[in-house]
Structures are given as structure tokens and as C-alpha cells.
1. What ranking of 192, 2 emerges when the number of other C-beta atoms within 10 Å of each C-beta is taken as an exposure proxy, fewest first?
2. I need 212, 96, 76, 33 ordered by Cβ neighbour count within 10 Å, fewest first.
3. Pop a pseudo-label 7 angstrom from the Cα along the beta-carbon direction at both residue 147 and residue 181 and give the gap in nm to one decimal.
4. For an R0 of 35 angstrom, estimate the FRET efficiency from the Cβ-Cβ distance between residue 218 and residue 95 and round to the nearest 0.05.
5. What is the extension gain from residue 88 to residue 76, computed as 0.36 nm multiplied by their sequence separation minus the C-alpha to C-alpha distance, in nm to one decimal?
6. How would you order 52-58, 202-208 from highest to lowest mean count of nearby Cβ atoms within 10 Å?
């Protein structure tokens with residue numbers, strides 16, 4: 001593992017009134033230890049898993065495409081993206097490069113890459129030899145994953161399943177398994193997908209628990225819900 005541990009320091013929080021510093025989970029969770037090349041953050045929306053993922057990414061010096069777009073909002077939270085200032089990253093052997101993926105920012109990346117390729121076409125060889133824009137969305141994502149994750153580094157993914165069919169999720173699962181077992185890539189992933197989180201020997205952290213704790217795959221709510229649905233699908237869509 002390139003990243004050994006994330007330390008969270010509540011005494012550095014600038015406020016306790018605004019998200020994410022008002023979440024009890026960040027006051028009670030002192031650190032998260034990484035003992036597997038693939039680690040999943042799971043839990044309901046709003047538990048802080050994606051927020052911590054992005055904070056760790058920024059603290060690692062990795063750029064998040066499209067994060068700073070200027071959009072008009074009814075109410076602005078000045079602390080929304082400041083968690084990285086209250087955490088530290090403990091590295092195994094010095095900082096390594098990497099990347100961040102979220103489906104909503106991938107379009108921006110694809111467009112910038114296409115502009116770059118108009119001047120330097122060879123850059124597309126790095127992504128399968130074709131423009132990501134001219135491929136279907138699923139094809140472009142898998143081209144990106146296959147090529148990018150062969151490079152030594154630490155990779156943050158925020159709910160990648162939102163852009164992938166179940167078949168493509170299985171494809172990503174294979175990439176995660178192959179690249180992590182090759183010994184040069186580390187993945188930290190926030191997800192709701194029981195397909196993706198089935199990665200062999202992965203560690204899963206449950207953000208529905210305070211403080212955050214490891215959980216077995218079969219004990220996750222995601223696995224239980226899908227298992228129960230497939231066994232009893234004739235009962236749905238009855239109210240639960």
C-alpha cells in the first residue's frame with residue numbers, strides 16, 4: 001500500500017455547525033488504516049464517505065477534475081471542501097502520483113483530452129488509441145481504467161458504478177483485482193455496488209457505523225439487500 005493511514009484531527013476543525021465538520025463520524029473516527037491494495041468506503045449518502053475520499057485525494061496532491069467549476073447556488077457552504085485541512089496522510093514510502101475518478105467529472109476530462117489530442121494525437125495511445133468522446137460512455141470509461149491503472153500510483157474513485165452497466169462493473173472488478181495483485185496500484189473507492197466491492201481480499205469500511213469500522217462483505221447492507229431481493233423478487237415492490 002502506498003497510503004498506510006488517514007489521520008483525522010477534530011481539533012483542527014474550523015467549525016462544528018457546518019458540513020462536514022458537524023458530522024459526528026469525523027469527531028469519533030481518529031484514523032483509517034489501509035491493509036489491502038483495495039479499500040472500499042460504504043454507507044448511506046450523507047455519511048461522509050465521499051467527502052473523506054475527496055479530502056484524502058486533495059491531501060495527496062491529486063487534482064480533482066471539474067471540482068472548482070463556478071456554479072451559482074442558493075446557499076454556499078464555505079466549509080464544504082475544507083476537510084483536507086484537518087487530515088494527514090501517512091505514506092509507506094513517500095508520496096506517489098495517482099488520479100481521481102467520478103462520473104460527473106469524467107466528461108470534462110474527456111473534452112480536455114480531445115483538445116490536447118488535436119495538437120498531439122499520440123496522447124490517445126495512452127487511452128486505447130481512440131478519442132474518449134467518440135466511444136460510447138461505457139467504452140471510454142473502460143479504456144481509461146485499463147490504461148490508467150497500469151501505472152504505479154494511488155487511485156481514488158467516487159461511486160464509479162453510476163456510469164457503468166453491471167457487465168462493465170464486472171469488468172472494473174477484474175481490473176481492480178489484476179492491477180492490485182500486480183503490486184503497484186492502490187485503490188480507495190466509495191461505492192454502493194455489491195459487484196465492485198466483491199473484489200478479492202479487499203477491505204471494506206462501514207460509514208454507517210460511528211466510529212468507522214471494517215465490515216465483512218457479506219455483512220454489508222448492500223449485499224444483504226441485493227441477496228434478499230434476488231431470493232424474494234416476487235414480493236417486490238411491496239413497501240419494506
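Coordinate-derived values only; no laboratory data. Everything quoted here is computed from the prediction, not taken from an experiment. All Cβ positions, even for glycine, are placed from backbone atoms using ideal geometry, and neighbour counts span all protein chains on display.
1. The order, fewest Cβ neighbours first, is 192, 2.
2. Listing 212, 96, 76, 33 from fewest to most nearby Cβ atoms yields 76, 33, 96, 212.
3. Using points 7 Å along Cα→Cβ, the separation is 2.6 nm.
4. 0.50
5. Values: separation 12, 0.36 × 12 = 4.32 nm, distance 2.58 nm.
Taking 0.36 nm per residue and subtracting the Cα distance, the gain is 1.7 nm.
6. Top to bottom by mean Cβ count within 10 Å: 52-58, 202-208.
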